[in-house]
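To start, the structure under review is shown below, and the notes come after it.
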Amino acid sequence: MIAQLTKSERQLALVILLAITICGLAMGIAGRDDPLGVHGAIVILAGLAGIFGVIYAYYEPEPSEARLALYYDDPSKVGIILAMGWVLIGLFIGDWVAWQLVFPNLTFDAGWSSFGRIRPAHTSAVIFGFGGNALIATSFYVLQRTSRARLPDQLSPWFVLLGYNLFCIIAATGYLMGVTQSKEYAEPEWYADIWLVVVWVAYFIIYLRTLVRRKEPHIYVSNWYYMAFILVVAILHIVNNLAVPVSWGHAKSYSAFSGVQDAMTQWWYGHNAVAFFLTSGFLGMMYYYMPIRAGRPIFSYRLSIISFWGITFMYMWAGSHHLHYTALPQWVQTLGMTFSIMLLVPSWASAGNALLTLNGAWHKVRDDATLRFMMVAAVFYGLSTFEGSFMAIRSVNSLSHYTDWTVGHVHAGALGWVAMITFGSIYASVPWLWKRERMYSDRLVEWHFWLALSGTLVYVFAMWNSGIIQGLMWRTYTESGTLAYSFVDSVAAMRPYYIARAIGGLMFLSGAVIGCVNIWMTIRAAHQPADERLADRPVPRPAGVPAFQPGE
Amino acid sequence: MENDLTVWLSKSFGLFYLIAMSIGIVAYAYWPSNKKQFDDAAQSILGNEDRPWR
């Protein structure tokens, strides 16, 4: 890692790491007994570890000029490994939370392990830890290939990747100590938020600098999606996290917004986090990896442009559907509902575009679990965007809101779409990145696929049942006009579905464990004499030449 | 910003800029002289070359 940095980059790395260590020291001194002090210690440890790492390899020979003739893939490799590490943590905590709802004693009487603390640890670990690292890793990979240009330097990609993981660690450890802004998906406190802004700006600058140096005149559509992800997440993150800390030595802060404005800002952020973190970037992934894996160009490039602008500009207005029947003005609720329904057009355009790309390659979908991961992801993308538009309708929302139906919907998207497209893309790129002919075991990819798919289905069906029963029980009246069920009645009715959900989650987790083993064995496999990437990557056929199926 | 002003803005400007933008994007995507560029872009990611152009 350090050996690839030039002399001046090693010096700059030392300066940055020293600055980080001093920041950690300041946090530790100002924070003292506050959780901020603990986070200061974590930052100091991270900074010192980095400094020792750089000094240890400081006098190694500088990298040769020959490096400029190759893409810079090491940050992508490390990013994929980190993503797979985070997914294990995130899915494990998620399944633990699920079992807590079945057996409440699984908190083991500790504060840090209570539902309210480990539930955000689960969401942040899977969304930011797994999803974020996968997005950073694949975006560097795709950016270089589609621009036919190497990343601009060797230091800034490491700053972004490792700095981002420092943010994730501070976020997760903070929740366990009870540090939270109580805003969904924006839980980390002010100092973590400021650090993420620094990292994120550096990320966007890498993107712009590489695009400026591109040799391919047209900017491929994946880059548009990745850039929308980076840019809009920055805007959302900054606005929603505007807050005033209690003091410089205190982790707690108060939001700049209050009342219904706070709620509206939060759900403008929250829904666009789904749109730009969990959709836009992963669509960028899909538009690159799926055509290559299928060996066919995207069905309609023009449709991909139209859906890009549709998604970018319509999602911005959909957030208020989270606040139906609240103090938010009725017209703002209706605006959010209308835009949510219109969103079905660009969403299904993308899902349809992906599935039509597979026309003529369905025999590959049958034989290749990696491509099947991507195909199922596109199907779930279509399903959950339809479900989302449907649930945003005010009268449907009156049944679904605050029930497990919402949880089911989120997981159809997160497990079925986000995780599936990510696993597909990771299985496609691991052999290319490590110059292996193929994954260690195709059978293990099959096992992962079927465990992931059945786990998702068990989970989603359990939550659909549970949510609708819950919603109906809450609105059933007796002849005398009183509620027929108490709230506790509805909780007791959920128990069988909570058991099913936890089992579904366990299946999904088992699949991810198999995936980690498979990737680890692929990396460890003896170096295969692969000059460029080959074998695993289908050689594209000129358009118009029919593909013969076996037996034809 | 008052509620009335926000409502007026979203019902006037808010409506028309999105419609105008949609028309603009569809025209750009389907403009005949852009077709070749888009077809080339769709093909550009396929192929076995894996080195930066210099």
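The values are calculated or read from the model by the stated rules, or taken from the named source; none is laboratory data. Here the structure is a predicted model, which means the values were calculated and not measured. For neighbour counting, all protein chains shown are included, and Cβ atoms are generated from backbone atoms with ideal geometry for every residue, glycine included. With ligands, DNA and RNA removed, areas are computed over all heavy atoms of the protein, side chains included. Shrake-Rupley method; radii C 1.70, N 1.55, O 1.52, S 1.80 Å.
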message: Among the listed residues A:Leu166, A:Leu176, identify the single one that is over 21 Å from A:Leu91 (Cβ atoms), of a type in the set (A, V, I, L, M, F, W, C) and at pLDDT 95 or above.
response: A:Leu166
message: Taking the condition of being open to solvent by 30 Å² or more (accessible area, probe 1.4 Å) and closer than 22 Å to B:Phe38 by Cα, how many residues in the range A:219-264 meet it?
response: 3
message: Looking at the range B:1-25 only, could you name the residues that are β-branched (Val, Ile, Thr) and under 21 Å from A:Ala318 (Cβ atoms)?
response: B:Thr6, B:Val7, B:Ile19, B:Ile25
- prompt: Can you name the residue in the range A:310-327 that is touching a Ser or Thr at 6+ places or on another chain (Cβ under 8 Å) and open to solvent by less than 10 Å² (accessible area, probe 1.4 Å) and is also farthest from the other protein chains (Cβ to nearest Cβ) among such residues?
  reply: A:His324
Condition broken by A:His401, with the remaining ones in (1) more than 16 Å from the chain's Cα centre (by Cα); (2) surrounded by 24 or more Cβ atoms within 10 Å (Cβ to Cβ) satisfied: (2)
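Within the bounds of the range A:196-215, is there any residue that is of a type in the set (S, T, N, Q), under 19 Å from the mean Cα position of the chain (by Cα) and part of a helix (DSSP H, G or I)? Write out each step before concluding.
Within the range A:196-215, the first condition is being of a type in the set (S, T, N, Q), and the residues that meet it are A:210.
Adding the requirement that they be under 19 Å from the mean Cα position of the chain (by Cα) leaves none.
No, every residue in the range A:196-215 fails to be of a type in the set (S, T, N, Q), under 19 Å from the mean Cα position of the chain (by Cα) and part of a helix (DSSP H, G or I).
Does A:Gly174 satisfy being of a type in the set (Gly, Ala, Ser), within 26 Å of A:Ser247 (Cα to Cα) and open to solvent by 20 Å² or more (accessible area, probe 1.4 Å)? I'd like the intermediate steps shown before the answer.
Numbers: of a type in the set (Gly, Ala, Ser): yes; within 26 Å of A:Ser247 (Cα to Cα): yes; open to solvent by 20 Å² or more (accessible area, probe 1.4 Å): no.
No, not satisfied.
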statement: Heads up, the helices (runs of 4 or more DSSP H) in chain B (entirely inside) with at least 2 residues that are among the aliphatic types (A, V, I, L, M) and either surrounded by 14 or more Cβ atoms within 10 Å (Cβ to Cβ) or at the interface with another protein chain (Cβ under 7 Å from one of its Cβ atoms) (or both) are B:13-30, B:35-44
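Evaluate the range A:293-307: report whether one residue or more is more than 14 Å from chain B (Cβ to nearest Cβ) and not small (Gly, Ala, Ser). Before you say what the answer is, go through the steps one by one.
At the first step, the residues of the range A:293-307 found to be more than 14 Å from chain B (Cβ to nearest Cβ) are none.
The answer is no, given that none of the residues of the range A:293-307 is more than 14 Å from chain B (Cβ to nearest Cβ) and not small (Gly, Ala, Ser).
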query: Assuming A:Pro104 fulfils every condition listed in (1) within 14 Å of another protein chain (Cβ to nearest Cβ); (2) free of Cβ contacts under 8 Å to residues at least 24 places away in the same chain apart from one, which condition is it?
result: (1)
query: Somewhere in the range A:23-35, is a residue open to solvent by less than 50 Å² (accessible area, probe 1.4 Å), in contact with a Gly (Cβ under 7 Å, 6 or more places away or on another chain) and not in a helix (DSSP H, G or I)?
result: yes
message: Looking at (1) part of a helix (DSSP H, G or I); (2) more than 16 Å from A:Phe282 (Cβ to Cβ); (3) open to solvent by 20 Å² or more (accessible area, probe 1.4 Å), which one does A:Arg438 not meet, given that it meets all the others?
response: (1)
field: Residue among A:Gly295, A:Gly270, A:Gly281 that alone is open to solvent by less than 30 Å² (accessible area, probe 1.4 Å), closer than 29 Å to A:Ala369 by Cβ and in contact with a Gly (Cβ under 9 Å, 6 or more places away or on another chain)
entry: A:Gly281
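Answer yes or no as to whether A:Val379 is in a helix (DSSP H, G or I), at pLDDT below 95 and either open to solvent by less than 10 Å² (accessible area, probe 1.4 Å) or not polar (S, T, N, Q) (or both). Break it down into steps so the answer makes sense when it comes.
Numbers: in a helix (DSSP H, G or I): yes; at pLDDT below 95: no; either open to solvent by less than 10 Å² (accessible area, probe 1.4 Å) or not polar (S, T, N, Q) (or both): yes.
Against the criterion (in a helix (DSSP H, G or I), at pLDDT below 95 and either open to solvent by less than 10 Å² (accessible area, probe 1.4 Å) or not polar (S, T, N, Q) (or both)), A:Val379 does not qualify.
Which one of A:Gly544, A:Gly467 is over 29 Å from A:Leu444 (Cα atoms), at pLDDT below 95 and either out of contact with any helix residue (DSSP H, G or I) (no Cβ under 7 Å at 6 or more places or on another chain) or surrounded by 17 or more Cβ atoms within 10 Å (Cβ to Cβ) (or both)?
A:Gly544
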